[in-house]
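The values are calculated or read from the model by the stated rules, or taken from the named source; none is laboratory data. For clarity, every value in this text was computed on a predicted model and none was experimentally measured. When we count neighbours, we look across all protein chains shown, and the Cβ atoms used for this are built from the backbone with ideal geometry, even at glycine.
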Amino acid sequence: MEFVDLEKLIKGRRSIRCWQDKGVPEELLTQAVKLATWAPSGGNQQNWHFYVIVNHDTITAIVDAVQARAEQIASWPEAGRFGDVAARMRERASLFRNAPAAIAVAARRYQSEVDKILAIREKIDPEAGQMREWRNIANTRIQSVAASIAYLLLILHQMGLGALWMTGPMQAKGEIEKVLRVPPEMDIIAFIPVGYPAESPAPKERRLFEEVCEVVR
């Protein structure tokens, strides 16, 4: 692939929130996931796990759980302090109800040898606790899963599919894990509805390169 082709692929991808009433072949989704597992991972743990969901009843059950949590949060008096947040939460919670398919991404729990050393040492050494806190900010497990999702979104886009990287459904994490029968040593990290796009969103403005990059010479 030429650099210009890669640039076009990356810049052409959009977050899709509206899909055609058309099924997505299971083979396409599994092919995309297979390729996404070539993403880098911390300590080469490859501790991700993907749930490819093509059963609409399962998607509906997950949407209902997320919607119920959104309604619960919106009902709290604290929500009133943030303007129309309640209305936006209700709208966003069910936006993937008509998605033809979805991919839930989970990750096994992982603690490196260094983290284990720091966890023991911090009981007698505050500096070790500070180091462990810093390492937790750059959580290896989350970074690994995020890398695979970034790959996955580009692959799905190349296939002509539209997807949306969602973390909002995690407000119903427990319910989603019950629906998908996620084992206790794993956590759902993100939820990605997928389908053939029924919209072509305009590109969003990007921050100036000079605002987000600094060359240290």
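Per-structure values
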read-out	value
Only listed residue being touching a residue at least 12 places away in the same chain (Cβ under 8 Å), surrounded by fewer than 16 Cβ atoms within 10 Å (Cβ to Cβ) and not aromatic (Phe, Trp, Tyr), chosen from GLY80, GLY42, GLY23	GLY23
Residue tally, condition outside any strand (DSSP E or B) and either within 22 Å of GLY43 (Cα to Cα) or modelled with pLDDT of 95 or more (or both), over region 90-110	4
Residue list for region 71-85, restricted to those being under 14 Å from GLN171 (Cα atoms) and not polar (S, T, N, Q)	GLU71, ILE73, ALA74
Subset of region 111-130 that is touching a residue at least 12 places away in the same chain (Cβ under 8 Å), within 27 Å of the chain's Cα centre (by Cα) and assigned to a helix (DSSP H, G or I) - its residue that is surrounded by the fewest Cβ atoms within 10 Å (Cβ to Cβ)	VAL114
Some residue of region 45-60 being under 16 Å from MET159 (Cβ atoms) and touching a Gly at 6+ places or on another chain (Cβ under 9 Å)	yes
Which listed residue is of a type outside the set (Val, Ile, Thr) and surrounded by 17 or more Cβ atoms within 10 Å (Cβ to Cβ), from ALA190, ALA202	ALA190
Unmet criterion (only one of (1) more than 23 Å from GLY160 (Cα to Cα); (2) touching a helix residue (DSSP H, G or I) at 6+ places or on another chain (Cβ under 8 Å); (3) part of a strand (DSSP E or B)) for ARG69	(3)
Selection within region 179-217 - in contact (Cβ under 8 Å) with a residue 40 or more places away in the chain and more than 24 Å from GLU26 (Cα to Cα)	GLU185, PRO201, PRO203
Residue satisfying condition, being basic (Lys, Arg) and without any contact (Cβ under 8 Å) to a residue 24 or more places away in the chain, within set ARG69, ARG97, ARG88	ARG88
Qualifying residue in region 60-73 (condition: β-branched (Val, Ile, Thr), over 14 Å from ALA102 (Cα atoms) and under 19 Å from the mean Cα position of the chain (by Cα))	yes
When residues of region 157-192 are limited to those that are part of a helix (DSSP H, G or I) and basic (Lys, Arg), the one farthest from ALA68 (Cα to Cα)	LYS178
